[in-house]
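Accompanying notes for the structure given below.
The values are calculated or read from the model by the stated rules, or taken from the named source; none is laboratory data. These numbers come from a predicted model, not from an experiment. Neighbour counts are summed over all protein chains in view; Cβ atoms, including those assigned to glycine, are modelled from backbone coordinates with ideal geometry.
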Amino acid sequence: MRIAICDDDISFTSKLEDIISRECANNGKKTEIDVFFDGETLVKSFESGHRYSMIFLDIEMKKMNGITAARRIRQLDRYTLIIYISSYDDYLKELFEVEPFRFVSKPIQLEQLQRYCAEAIKKIEGMNNLFVYSYNKEEYSVPIKEIVYFESNKRLVDIHMNDGTVRSFYGKLNNLEKEIQKINKHFIRIHQSFLVNYSYIKSMTYSEVVLECKDEEYVLRISEDRRSTVRQKVCEIAGGSQS
């Protein structure tokens, strides 16, 4: 498992590297950890073809901050897990578009970091989980990570994929919501007709969610009776209380 650490505090990165290496070993994972001291160097590594399962990324760095770096990285890699190490309250709006996995505040709480490492490993292991469905007596499967959102369409449920294709099967969104939560808790019911993948949320207003995939945007309405629940769910996922 390849992991990147990016923080301009050299002594801090050394301590963090030791903790992450130990926690990954405790979870049965061999690791290769690369350390970067500014966002620009990290981005250049991605541009040269390097990829990482997860990145521990500081937000406030003097030379290309973590927000800018993550935006560039997301253009090259949609699936690497980004764990921010900073206070994120002032950045929540900007962070939607770079899809962070977790936030760790400084000074680091060891138990929290241990839990997040374990959750990240579990997430990476499950990223290739498949969603299986039937249509016209044939069985099909698609990677859950490639599903942008589900849409109820009369008796059909349409699966909007990240390559722009749409697949369909007979079913009810209420039943699907219960089923998908057993596999992946990062799907959010925003409307009677829409069940969206948190990983593709670019931004959110009080009444709408904007999903983005490969330069395409999908603007979906949040039903009035779900607005409070949707915001709570988004905050829970971003804050790490969902696995």
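Summary of values
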item	result
Filter pass, Asp158 being farther than 23 Å from Ile222 by Cα, among the acidic types (Asp, Glu) and free of Cβ contacts under 8 Å to residues at least 60 places away in the same chain	no
Residue that is nearest to Ile82 (Cα to Cα), among those in the stretch 190-239 that are without any contact (Cβ under 8 Å) to a residue 40 or more places away in the chain and basic (Lys, Arg)	Arg231
Of the criteria (1) of a type in the set (A, V, I, L, M, F, W, C); (2) closer than 23 Å to Asn129 by Cβ; (3) assigned to a helix (DSSP H, G or I), which one Val230 fails	(2)
Search result, residues across the stretch 144-203 that are over 28 Å from Gln75 (Cβ atoms), polar (S, T, N, Q) and within 21 Å of the chain's Cα centre (by Cα)	Gln181
Residue identified as under 26 Å from Ile201 (Cβ atoms) and modelled with pLDDT under 90 among Lys30, Lys93	Lys93
Filter result for the condition that a residue is over 21 Å from Pro100 (Cα atoms) and among the acidic types (Asp, Glu), over Glu208, Glu217, Glu179	Glu179
Residue in the stretch 138-147 that is at pLDDT 90 or above, among the aromatic types (Phe, Trp, Tyr) and either assigned to a loop (DSSP other than H, G, I, E, B) or not assigned by TED's automatic domain parsing to the domain that holds Ile55 (or both) present	no
Residue among Lys185, Lys178 that alone is in a loop (DSSP other than H, G, I, E, B), of a type outside the set (A, V, I, L, M) and closer than 22 Å to Asp225 by Cα	Lys185
Answer from Leu16, Leu42 - the residue that is modelled with pLDDT of 90 or more, in a helix (DSSP H, G or I) and farther than 30 Å from Leu211 by Cα	Leu16
Criterion violated by Tyr52 - all others in (1) over 21 Å from the mean Cα position of the chain (by Cα); (2) part of a loop (DSSP other than H, G, I, E, B); (3) not polar (S, T, N, Q) satisfied	(1)
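Conditions (1) touching a residue at least 60 places away in the same chain (Cβ under 8 Å); (2) surrounded by fewer than 18 Cβ atoms within 10 Å (Cβ to Cβ); (3) within 17 Å of Phe169 (Cβ to Cβ); (4) assigned by TED's automatic domain parsing to the domain that holds Gln181, marked per residue:
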{"residue": "Glu111", "(1), (2), (3), (4)": "no, yes, no, no"}
{"residue": "Ala120", "(1), (2), (3), (4)": "yes, no, no, no"}
{"residue": "Tyr135", "(1), (2), (3), (4)": "no, yes, yes, yes"}
{"residue": "Phe150", "(1), (2), (3), (4)": "no, no, yes, yes"}
{"residue": "Asn153", "(1), (2), (3), (4)": "no, yes, yes, yes"}
